[in-house]
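**Q** My questions will all concern the structure given below.
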């Protein structure tokens, strides 16, 4: 029993890191724009498909992952510049609807380009197979996935906390007008932040490709989990998403021991419980 | 929706079906005047499983083409209705088609949930349904004089698959099951237990997963901790595809993956060849079935659609063909007479010699066990697997819940 729990904790940690990475991107965009990015799932799906296409072209996995970050980031920058930025002065609903429309357009474009049936890619050879820990098997790729997500999160953390650009982004999130008064190019910052968030979603999509494949519904599926993570972590908190992502992964994995059929519903129960007990989220400020 | 718009949509669909039909045969089956018989395909034309609806239709069209679109001197008018994969929509479309288009026979549905809802309408309206899908209720607790079932019985499927496993892998006895937590999965689990007992296999554990699950590693970690010889996936669709992908990431070679009713050919194609290679699957239909009827069907299908037929297309073709054969036998297109002709009918289908159980209306036909090919063994892109066994053991009568006599 103990070993089974330990196995599920490891598994949950690895899954949770991916949720954290996706939700982190969502959190950055939410912070900068104060709009939930409804197109986040579409950027995630785009990342998976781009990664697939890059692997098809024979690129090494590392470059495919890089493409999975860059292409959605670029798409994110375009979407922000051409649409979101122009709607900045209008009511908040316009941006929301715009992003919703973008998500639908991107999903359909993906279907037109890559077709309706799902696609699969295998992990590079050195990441195939599993670690035999005696009490359990842990797929190498799952470990790699969690580690990559953790490293990415650490890099983005350094970027935000330790660089000039990062401090400007934080200023933009906290006190938008004040930052503008100080001569910070907030518009450029928002574009950068949006691109970064979209890129992180794309990278998660690329990372999960060998585990989940690429298919037409993956964006919507991830979007709902990312929002749950965001709500549990706290809508105003940049880093709440990280802890909450891991928490959701753990809930999903450990529930397989006690109540496997309830693994999905438990995630939503956790969200509802958070909203009732601590509506600002675990790390949010009221 | 106004009634005017309804007529519009229907006309468009009819025209669409007619156009499709005539493009195939150079004939039009659209109703003009006089002596016609209306048959229908109710299936998903939109939504996630739209591919299946389209394939059922393609199969049906081939069967009608064989008869130049007529039976016993009557022109066949083929209706196509989109149920969107939803029971409520299926019921509505069927009721409309019966009342305004005089529908007498229909194929519906590729999805059991929709098909079972339509079963009640068929009974009420006295029209004949040739259903497919994984639910045993069609020929069990909800059996009806007006409904016939094309897909194999879950017992037949499990028995055939596990029998092959126990014969070819005699030292693999411990099975762990991962089951979809809805009627279909639970029915498969029930018959896994029945068949495992008959064959002396040991079930070491089971986990139910919610429908739409995208994370399976936790089930596999748990399953592998019991050191099973076989993991049996009693799930289907996208869930099954994801499960196989993630099992693949474990790289565990000494555990055999068995899917008794898990992946159709369309889903197999979503997996990379390395992921599916070696998997043992049970299938309602595979293109390589070696019978005269099937060979000619595959050949014509390939010519018409540049693809090989799969479960959904074979259902469309074979069920329609069977209905037409029954009309021949009855020398009538009246539902009551055709129903009677179908009961106990023995005929040559794509499966070879086939019979229809007079009481339950189960099509007594074989179920196929295939093993997926390694990438370098594939002759072409369609060549995904080899048929390694087939079994047609019917459900033991004491387990059947049909109250008809």
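**Q** On C-alpha positions alone, give me the angle between the axis of helix A:164-174 and the longest principal axis of chain A, in degrees, nearest 10.
**A** The two axes meet at around 80 degrees.
**Q** Something else now. Can you sort B:283, A:97 by how many other beta carbons sit within 10 Å, fewest first? Intermediate values should be presented prior to the final figure.
**A** Details: B:283 29, A:97 13.
Starting with the residue having the fewest Cβ neighbours, the order is A:97, B:283.
**Q** I would also like to ask the following. Treating the Cα atoms of the protein assembly as shown as identical point scatterers in vacuum, please give the log10 of the normalised Debye intensity I(q)/I(0) at q = 0.06, 0.10 Å⁻¹, two decimals.
**A** Per q value, in the given order, log10 I(q)/I(0) is -0.39, -0.99.
**Q** Using R₀ = 25 Å, calculate the FRET efficiency as 1/(1 + (r/R₀)^6) where r is the Cβ-Cβ separation of residue B:387 and residue B:66; round to 0.05.
**A** Efficiency for this residue pair is about 0.50.
**Q** Further question: Average partner chain C-beta neighbours within 10 Å, per residue of A:106-117? Provide the component values of the computation, followed by the final result.
**A** Working: counts 0, 0, 0, 0, 0, 0, 0, 0, 0, 0, 4, 6.
Per-residue shielding by partner chains comes out at 1.
**Q** Which percent, nearest 5, of DSSP beta bridges in the protein assembly as shown are antiparallel?
**A** 40 percent
**Q** Still on this structure, please answer the following. So what's the angle, to the nearest 10 degrees on a 0 to 90 scale, between helix B:3-25 and the longest Cα principal axis of chain B?
**A** For B:3-25 against chain B, the angle is about 80 degrees.
**Q** So how tilted is helix A:140-162 from the main axis of chain A? Cα-based, degrees 0 to 90, rounded to 10.
**A** Helix A:140-162 sits roughly 30 degrees off the main axis of chain A.
**Q** Can I ask one more? Which whole number gives the average count of other chain Cβ atoms within 10 Å of the Cβ atoms across peptide B:267-273?
**A** What the average comes to for B:267-273 is 4.
**Q** How far is it, in nm, from the label point at residue B:202 to the one at residue B:348 when both lie 7 Å from their Cα along the line to the Cβ?
**A** Placing both labels 7 Å along Cα→Cβ, they lie 4.8 nm apart.
**Q** Sorting A:114, B:150, B:261 on the 10 Å Cβ count, fewest up front, what's the list?
**A** A:114, B:150, B:261
**Q** Which value in nm describes the separation of the simple spin-label points at residue A:265 and residue A:86, placed 7 Å from the Cα toward the beta carbon?
**A** 4.6 nm
**Q** Going by how many other Cβ atoms sit within 10 Å of their own, how do B:247, A:100, A:38 line up, fewest first?
**A** Working: B:247 24, A:100 15, A:38 20.
Arranged by neighbour count, lowest to highest, B:247, A:100, A:38 become A:100, A:38, B:247.
**Q** If you build a Gaussian network model of chain B, linking Cα atoms that sit under 10 Å apart, which residue out of B:139, B:95, B:161 swings the most?
**A** B:95
Throughout, read-outs are computed from the coordinates displayed, never taken from laboratory work. Treat the numbers as computed from the prediction; the structure is a model and nothing was measured. Glycine also receives a Cβ, built like all others from the backbone with ideal geometry; neighbour counts cover every protein chain displayed.
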